[in-house]
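First up is the structure itself, then whatever we jot down about it.
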There are 2 protein chains.
Amino acid sequence: MAQKAVSCPVELTLGVISGRWKVMIIHQLLEGTKRFNQLQRELSGITHRTLAKQLRELEANGLILRQDYREIPPRVEYSLSPLGLTLRNILASMHEWAETHGHKIQGPPGAGPGNA
Amino acid sequence: MAQKAVSCPVELTLGVISGRWKVMIIHQLLEGTKRFNQLQRELSGITHRTLAKQLRELEANGLILRQDYREIPPRVEYSLSPLGLTLRNILASMHEWAETHGHKIQGPPGAGPGNA
């Protein structure tokens, strides 16, 4: 992706965090390392399949780390990589913006969260 | 949208700016008021139809203002509303993150920009 021509750096950032679930996963992992089942429970509404796909993409982009303990029953833990942790400020800005201005948003959410 | 239950405020912010084009349109309008044709030229690659749709959604959410001078040929100008202008810091954070960390992103862009 670093090689992909983008017309603006902002697009690159949006590319790696776009979609409701990716941002929510990063948000959850900012609290610390979590297991797959724990993430699925906390992201109520996400399917096993979707969570697995989003985690794979975030791992492929180098934003999260996956630790498989190779135990039975399986124990797999996810955490933010050092690169993933650098997204903290952006998420904090988005959180703050919504708290301050969210009630002023009018109409339907347009494209809205959920696309990814 | 303010009434829609969201599990986290970050989702709300993502809802109004998600998608490659919305962020790019806001980015363009941070430079000042622009006409439709000017926006289309600067967002090279966007179709008339897509630009019109994205502008309508941003206007419906109260983020941009549309001024139709009712002239022939048509003159329609777009600018950020006071609410839209408050997104400046988030876009600046995303810009800065990409400049600092963008080269570390690995692999394909996952969901990537463009969904909206």
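The values are calculated or read from the model by the stated rules, or taken from the named source; none is laboratory data. All figures in this text were calculated on a predicted structure; none of them were measured in a lab. Using ideal geometry, Cβ is built from the backbone for each residue, glycine included, and neighbour counts are taken over all protein chains shown.
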(Q) Can you tell me which of (1) in contact (Cβ under 8 Å) with a residue 40 or more places away in the chain; (2) more than 11 Å from chain A (Cβ to nearest Cβ); (3) not in a loop (DSSP other than H, G, I, E, B) is the one residue B:21 doesn't meet? (A) (2)
Q. Which ones in region B:64-100 are assigned to a helix (DSSP H, G or I) and touching a residue at least 40 places away in the same chain (Cβ under 8 Å)?
A. B:84, B:85, B:88, B:90, B:91, B:94
Q. For region B:26-49, which residues satisfy the criterion of being of a type outside the set (D, E, K, R), assigned to a helix (DSSP H, G or I) and more than 11 Å from every other protein chain (Cβ to nearest Cβ)?
A. B:29, B:36, B:37, B:38, B:39, B:40, B:48
Q. Considering only residues of region A:50-71 that are within 13 Å of chain B (Cβ to nearest Cβ) and either touching an Asp or Glu at 6+ places or on another chain (Cβ under 6 Å) or among the β-branched types (Val, Ile, Thr) (or both), which is surrounded by the fewest Cβ atoms within 10 Å (Cβ to Cβ)?
A. A:50
Q: Give just the number: which of (1) over 13 Å from the mean Cα position of the chain (by Cα); (2) surrounded by fewer than 20 Cβ atoms within 10 Å (Cβ to Cβ) does residue B:105 not satisfy?
A: (2)
Q: Check B:82, B:113 and return the single one that is at pLDDT below 90 and within 10 Å of chain A (Cβ to nearest Cβ).
A: B:113
